[in-house]
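Here the structure is laid out as structure tokens; the discussion comes afterwards.
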Amino acid sequence: MSTHAKLSPSGSSRWLACPGSVWLTEQAPRQASSAAAEEGTDAHEWAAKILLNMADRENPYRDVEMYVNRVRASADRKGAQLWIEQRVYVNDDIHGTPDAVVSYKSTLEVFDLKYGHNKVEARGNTQLMIYAAGAIKTYGLNPRKVVLHIVQPRAGGIRSAEMPRKTFDAIVNSIVEAAAALLKNPDAPRKAGEHCQYCPAATICPERKAEAHHAAQMAFRLVEDLDEDTVLWAIENRKRIVDWFDQLIDAAIAKPPRGYVAVQSQGRRVWRTDVEVPLVLKAMTLAEAEKAGYPLDELTVKKPGPLTLVRKDVDTSSFPDL
């Protein structure tokens, strides 16, 4: 089977709400990785190393201990089976890699570590339900109960949801049926909504463009001239409108338009994660450690700042790597 899913579990909330996005993403430009995404990836790798007893030095991401401890609490049960970062398949189009899966007696638990700050719910989480369905099929399991866990150390902790197998199967079957239908229809409808936030096709989507156009029309009118329905629309969709402009800037940084150039902004110095840093130093800020006279050159690294868009006629001499 392919290692690239046509319909990824992590994007399920999007492709279920907006079937047309599946086809539109094939035409979308490749998205650059963000600093937050890279940090999340690194934290996930450390969590997996710890659970697999493969960590060769101190964990630089203390927040992931909440996730590690919760997974271990389930995996330590008598007769439990644990799978870490193993790809599971619902079918050749729907498959993915759950962070952790635990099976014991008649229960299947699926864990997802979310390292970001945007709160994610476990109840009704289609990503975790697809992972659970894939685990059942891939590992030949027959649980009577499915439990989903979102572990989000920086946004509220642990949220869980459980359901009997009969309810779970009904929901998963409806997801698979919807997926099969949209894969057959290149003209599947598109719909803007909260699911647009991480859509790869957001910058080329006609529906997002229409929203931005509508917002621009409102921006040049007096607020008191707007009817109540328009005000409600603006309030309920404000974040998505702002996100659209953020995505536009990201696209412009990847391919600067006429008169602009992408430059690396000033970064910051951080503790290295590939060497052992004494605990006494980790309790200090870098400025405090430097003031106390500790040699920091071998224990820190300059982390590059994000790319930013500036006009070519702006003095960029203070920016590195131009």
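Computed from the coordinates by the stated procedures, all read-outs in this text should not be read as laboratory data. Small disclaimer: the values here were computed from a predicted structure and weren't measured. Glycine also receives a Cβ, built like all others from the backbone with ideal geometry; neighbour counts cover every protein chain displayed.
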Distance between Cα centroids, the stretch 89-120 to the stretch 221-258: provide it in whole Å. 34
Between the modelled labels at GLU236 and LYS255 (7 Å from Cα along Cα→Cβ) the distance in nm is 3.4
Taking K and R as +1 and D and E as -1, what net charge do the other residues with C-beta under 9 Å from the C-beta of ALA202 add up to? 0
Furthest towards positive pole of dipole, GLY20, LEU222, TRP83, structure part the chain, Cβ charges: TRP83
Amide H contacts under 5 Å for ILE158, placed H, 5+ residues apart: GLN152
Highest first, please rank the peptides 78-86, 224-232 by the mean number of other Cβ atoms sitting within 10 Å of their residues. 78-86, 224-232
Cα atoms only: what Rg and Dmax, in Å, come out for the stretch 137-184? 14.3, 40
Full-stretch length increase - ARG272, ARG30 - with 0.36 nm per residue and alpha-carbon distance subtracted: 84.2 nm
Checked against a 27 Å limit on the C-alpha separation, the offending pairs among LYS105/LYS137; LYS291/LYS312; LYS49/LYS255 are LYS291/LYS312; LYS49/LYS255
Taking volume of the Cα convex hull per residue in Å³ as the quantity of interest, determine which of (i) 258; (ii) 124; (iii) 197 was computed from the displayed structure. (iii)
Can you figure out the FRET efficiency of GLU85 with ASP229, using R₀ = 45 Å and their beta-carbon distance, to the nearest 0.05? 0.45
Ranked highest first by average number of other Cβ atoms within 10 Å, how do 57-69, 145-157 line up? 145-157, 57-69
What does the net charge come to around GLY20 if you take all other residues with beta carbon closer than 10 Å to its beta carbon, with K and R at +1 and D and E at -1? 0
Of the listed pairs LYS114/LYS145; LYS78/LYS119; LYS119/LYS302, which have alpha-carbon separations greater than 27 Å here? LYS78/LYS119; LYS119/LYS302
Rel. contact order, % - alpha carbon contacts under 8 angstrom, at least six apart, the chain: 17
Mean projected area, convex hull of alpha-carbon positions in the stretch 1-156, reported to one decimal in nm², is 10.2
From phi via Karplus (6.51, -1.76, 1.60), per-residue ³J(HN,Hα) for the stretch 67-77 in Hz, x at Gly/Pro: 5, 4, 5, 6, 5, 4, 4, 7, 5, 7, 5
Förster radius 22 Å - calculated FRET efficiency between ALA161 and LYS105, Cβ distance, rounded to 0.05: 0.70
List the lysines whose Cα sits under 21 Å from the Cα of LYS191, skipping any in the same chain fewer than 8 residues away. LYS6, LYS209, LYS239
Tell me the Kirkwood radius of the stretch 146-213: reciprocal of the mean inverse pair distance over distinct alpha-carbon atoms, in Å. 15.4
Given charges of +1 on the Cβ of Lys and Arg and -1 on the Cβ of Asp and Glu, with all other atoms neutral, how large is the dipole of the chain about its Cα centre, in debye to the nearest 20? 760
